[in-house]
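These notes concern the structure reproduced below.
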Amino acid sequence: MKMNTLYVIGNGFDLYHELPTRYCHFHKFVKENHKEFDFELEKYFELRIKEDKSPEVSCVEKYLWTNFEEDLGTFDWTAFFDDICNIDINDENFKLSFIYSLEDDIDEQTENLLESIREAFESWLECIDFDFVQKKLSLNENACFLSFNYTLLLEVFYKIQHENILHIHGNIEDNRGAIIFGHNQTVEEEPEFDENGDSNRTPFSDSEAKAKYPFHALSKPVREIIEDNKSFFEDLCLVNKIVVLGHSLNEIDIPYFEEIHRITSNANWLVTYFDEDEKQKHLFTLQEIGIERECISMIKIDELLII
C-alpha cells in the first residue's frame, strides 16, 4: 500500500529515547569486553577521538570514537601485511611455497579481523538495554518508515507494523551476521604496468591484494543497497511529507536522500536538528541535493508533539 508520509529515522531518534547507541558507547563496550580486539583496531585504523560536550553524551572522553564507520576507511593494509609477512625472498632458503603459505595466512587473518569487528559490533547492539525506554512521540502509524537504526524501537515501543518499516542496513534481530555498516572511501589501485610498459607485479602482489581486502569488505555499498530495495523507493511516489528524525545527513548516506528526493520531488520536508550549527548544515545539505528552501522546515526533536 502506497502512503503519503515517510519517516526517515536516524540514530538521534534512539538517542532521544536515551538508548546508548553512540559509537562512544560501542568503544566503551569494546574496551570492557574485547580488550585485545580494541588494541587491534587502534593498530590498523585511525579511530578519531575528541571531546563531545553534547548534554546527552555520558561517555568518558577516552571512549569517544566519533566517526567509527568513516574511520573504517583508514585501514592500514601495509601494517597488517607487514605483521604477517616474514619472508625474505633473498634468503638462500627461500622457496616459492612460502608465498603460497603467506597468501593462506593473510586470508585467514583477514577473515579473523572482519569477523572480530562484526562480532563485537553485533554483540554490542544485542546488549543495548531497552528496559527504561518510554514512548516520547506520536507517530503516524499509517506512514512508511526508512530506518537507519539497527534497533527495534519502532516495532517494540511504537507498535509500527514490521511491513511498514525498511531497516535499510538491517536490524539486530533479523539480520544477525549480515548487519551493514562501513565507510564510503575509495582507493586508487596501482596500475598493472608502469609508464614504460613494464609489469608492476612482484612476488608479493597477490598477497598484498589480499591484505587490502578488509578495506573493501568494510565499505558500505550504498548504490547496491538502493538497487536491492528499488521497489521500496519506487513506492514513495505518492509521498508528499517527509519527516527526518535524528539523522545526521552524513556524507555516506546522502545517496539515499538523493533517491528519496528523486522520487518525491514535490514533497515537504520536516527535519530535526540538535543545535544551530547542525541546523545550518542540514539546510545546506538538503538544498545541495536539490530540495527547495521553501519545502524545508526545521525543528528540534524535543519540540515535536504529533507529527
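The values are calculated or read from the model by the stated rules, or taken from the named source; none is laboratory data. Remember, predicted model here, so these are calculated numbers, not experimental data. Because the Cβ atoms are built from the backbone with ideal geometry, glycine has one as well, and the counts that use them run over all protein chains shown.
For Leu218, state whether it is surrounded by 11 or more Cβ atoms within 10 Å (Cβ to Cβ), more than 30 Å from Glu103 (Cα to Cα) and touching a residue at least 24 places away in the same chain (Cβ under 8 Å). I'd like the intermediate steps shown before the answer.
On the way: surrounded by 11 or more Cβ atoms within 10 Å (Cβ to Cβ): yes; more than 30 Å from Glu103 (Cα to Cα): no; touching a residue at least 24 places away in the same chain (Cβ under 8 Å): yes.
Judged against the criteria, Leu218 is not a match.
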- request: Starting from residues that are in contact (Cβ under 8 Å) with a residue 60 or more places away in the chain and within 25 Å of Asn4 (Cβ to Cβ), keep the ones in region 165-186 and report whichever is surrounded by the fewest Cβ atoms within 10 Å (Cβ to Cβ).
  value: Leu166
- line: Across (1) surrounded by 16 or more Cβ atoms within 10 Å (Cβ to Cβ); (2) in a loop (DSSP other than H, G, I, E, B); (3) among the basic types (Lys, Arg), Lys210 clears everything bar (2)
- prompt: Within region 259-277, can you find the residues that are touching a helix residue (DSSP H, G or I) at 6+ places or on another chain (Cβ under 9 Å) and part of a helix (DSSP H, G or I)?
  reply: Glu259, Ile260, His261, Arg262, Ile263
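Can you confirm whether region 275-297 contains a residue that is over 30 Å from Ile99 (Cβ atoms), touching a residue at least 40 places away in the same chain (Cβ under 8 Å) and in the same structural domain as Asn142 (by TED's automatic domain parsing)?
First, pick out the residues of region 275-297 that are over 30 Å from Ile99 (Cβ atoms): 275-297.
Checking the rest, the ones that are also touching a residue at least 40 places away in the same chain (Cβ under 8 Å) come to none.
No, there is no match, as no residue in region 275-297 is over 30 Å from Ile99 (Cβ atoms), touching a residue at least 40 places away in the same chain (Cβ under 8 Å) and in the same structural domain as Asn142 (by TED's automatic domain parsing).
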